[in-house]
Amino acid sequence: MPLSFAPSGTATIPLHILAEDQLEAWLDTQPDATRNALTSQGFTGALGQTVSLAGPDGAPALAVAGYGTVATRQRGRFHLAAAAPKLPEGNYHLVSDLDADALSAEALGWLLASYRFDRY
């Protein structure tokens, strides 16, 4: 299956990208169920952490990926690539205040992490 972005109009799951220093402020804007779920799973916003939350129908309704600290991000690239294999299958859209260049780099990393060469 070729890697691609989902066509326009496809239902997507929001993937919130949260740095450690953004977590508390973001949690303050969320419903109690979301706040309690993330807290009980020990989500801190550390680089590489992911949590997926199900909606009332049991399907993934929301996902959160940790974006770490400035210091941890400076040590590498494509930080969201680690989130791709940890999340349930689905079409995701990134929810973040990252600038366009950072979002483009993270989207590329996501696609590269999902690539599998299996011809032979």
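The values are calculated or read from the model by the stated rules, or taken from the named source; none is laboratory data. Given the structure is predicted, the values throughout are model-derived calculations rather than measurements. As a convention, Cβ positions derive from the backbone with ideal geometry for all residues, glycine included, and neighbour counts pool all protein chains shown. The protein model used for the area step is the full one, side chains on, heavy atoms only, and it has no ligands, DNA or RNA in it. Shrake-Rupley method; radii C 1.70, N 1.55, O 1.52, S 1.80 Å.
Looking only at region 41-83, which residues are touching a Ser or Thr at 6+ places or on another chain (Cβ under 6 Å) and hydrophobic (A, V, I, L, M, F, W, C)? Passing the criteria: Leu47, Ala63, Ala65, Ala83.
So Ala37 fits all but one of (1) surrounded by fewer than 18 Cβ atoms within 10 Å (Cβ to Cβ); (2) of a type in the set (A, V, I, L, M); (3) over 18 Å from Leu94 (Cα atoms); what number is the exception? With respect to (1) surrounded by fewer than 18 Cβ atoms within 10 Å (Cβ to Cβ); (2) of a type in the set (A, V, I, L, M); (3) over 18 Å from Leu94 (Cα atoms), Ala37 is out only on (1).
Scanning region 7-34 for residues that are of a type in the set (Gly, Ala, Ser) and touching a strand residue (DSSP E or B) at 6+ places or on another chain (Cβ under 9 Å), we see that the one that is least open to solvent (accessible area, probe 1.4 Å) is Ala19. Residue pairs whose Cβ atoms lie under 7 Å apart, separated by 6 or more positions or on different chains, with the first residue in region 1-23 and under 21 Å from Tyr115 (Cα atoms) and modelled with pLDDT under 85 and the second open to solvent by 50 Å² or more (accessible area, probe 1.4 Å) and of a type in the set (Phe, Trp, Tyr), are Leu3/Tyr115. Within region 62-85, being open to solvent by 50 Å² or more (accessible area, probe 1.4 Å) and touching a Gly at 6+ places or on another chain (Cβ under 8 Å) holds for Arg77, Phe78.
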